[in-house]
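Visitor: I'd like to ask you about the structure that follows.
Bear in mind that the values in this text are calculations on the coordinates, not laboratory data. Worth saying up front: this structure is predicted, and the values here are computed from it rather than measured. Cβ: placed from backbone, ideal geometry, glycine included. Neighbour counts: every protein chain shown.
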Amino acid sequence: MNEKIKAYNDKMDKAYNFLIEDLQAIRAGRANPHVLDKIKVDYYGTPTPIQQVGNVSVPEARMIQIAPWDKNLIKDIEKALMTSDLGITPSNDGSVIRLIFPELTEERRKQLAKDIKKKGEDAKVAVRNIRRDGNDAFKKLKGTEISEDEIADLEDELQKLTDKFIKDIDAVVEEKNKEIMKV
């Protein structure tokens, strides 16, 4: 791959990976430990991810169980879960915290599908903006040691790269929508 194209490939890859991480946090009626990724617990004054203060497991399809290594953290973890945008009330038996995920309603599924589509569109816009920046940079090379044919080839290669990422984004969005709509 051409060095000039590689930089844009890396930027597009970051936009794609950001979308994937974003979609992992969307719950599809099944318990997925990734919904806890952005939630931080106050651990002796330091905001710490839940996965670093306890064992997170999925004992059943619709339940996440958090067993903190330090039992004194139970209240702090519970507080962090309550103030998060998770929308699930944790239950605590003194040694572990359980999150029980309710079945998604049809209305909620449709809303999530809409949100997923919007996130996909945002990722595609980011990829297209990267393509535009690349094309602008290539046009500025006109009049230097690079010929117009080489510039056209670079633009062509960048367009193929853009098409590939747009196709990948569409596939990921489609897959997540299927997962959400499955009852």
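Visitor: Ignoring the sites themselves, what is the longest stretch of the chain with no GluC sites (Glu not before Pro) in a DSSP loop and at most 13 other beta-carbon atoms within 10 Å?
Guide: With GluC sites (Glu not before Pro) excluded where exposed in loops, the chain gives 1-102 as its longest stretch.
Visitor: Let me ask something additional. Restricting to DSSP loop positions (anything but H, G, I, E, B) with no more than 16 other Cβ atoms inside 10 Å of their own Cβ, which chymotrypsin sites (Phe, Trp or Tyr not before Pro) remain in the range 1-89? Please report the intermediate quantities before stating the final value.
Guide: Details: sites: Y8, Y16, F18, Y43, Y44, W69; in loops: Y44, W69.
Loop-located and lightly packed - Y44, W69.
Visitor: Stretched out fully, how many nm does the piece from F18 to D136 gain, at 0.36 nm a residue minus the Cα gap?
Guide: Gain on extension, F18 to D136, equals 40.0 nm.
Visitor: Spin-label point model (7 Å from Cα, Cβ direction): what's the S91 to K110 distance in nm?
Guide: Computed distance between label sites S91 and K110 equals 3.1 nm.
Visitor: Cross-link candidates for K4: which lysines have Cα within less than 16 Å, leaving aside residues fewer than 8 places away along the same chain?
Guide: Filter leaves K139, K140, K142, K160.
Visitor: Based on the Cβ-Cβ distance from D10 to V58, what FRET efficiency comes out when R0 is 35 Å, to the nearest 0.05? Before the final figure, lay out each step's value.
Guide: Values: r = 33 Å, r/R0 = 0.96.
The computed FRET efficiency comes out at 0.55.
Visitor: List the aspartates and glutamates whose Cα lies under 20 Å from the Cα of K118, skipping any in the same chain that are fewer than 8 positions away.
Guide: By straight Cα distance, K118 reaches D13, E21, D22, D85, E106, E107, D163, D168, D170, E174, E175, E179.
Visitor: Further question: Could you tell me the distance between the Cα centroids of the range 165-183 and the range 1-68, to the nearest Å?
Guide: Each part reduced to its Cα centre gives a spacing of 18 Å.
Visitor: Follow-up question, since we're still on this one. Quick one: which residues, 5 or more positions from Y43 or on another chain, have an amide H under 5 Å from its amide H? H modelled 1.01 Å from N in the peptide plane, none for Pro or chain starts.
Guide: Hits under the 5 Å cutoff: T48.
Visitor: Follow-up. What's the angle, to the nearest 10 degrees (0 to 90), between helix 74-83's Cα axis and the longest principal axis of the chain?
Guide: On a 0 to 90 degree scale, this one is about 50.
Visitor: On to the next question. Would you calculate the separation in nanometres between label points at I146 and W69, each defined as 7 Å from the Cα along the Cα-to-beta-carbon direction?
Guide: Result for the modelled spin labels: 5.0 nm.
Visitor: Still on this structure, I have one more. Using a cut-off of 19 Å between alpha-carbon atoms, which lysines can reach K182, once sequence neighbours fewer than 8 places away in the same chain are excluded?
Guide: Counting by Cα, and skipping residues close in sequence, K182 has these lysines nearby: K110, K114, K117.
Visitor: Let me ask another. Note down the relative contact order for the chain as a percent, whole number, built from C-alpha pairs under 8 angstrom at least six residues apart.
Guide: It comes to 23 percent, rounded to a whole number.
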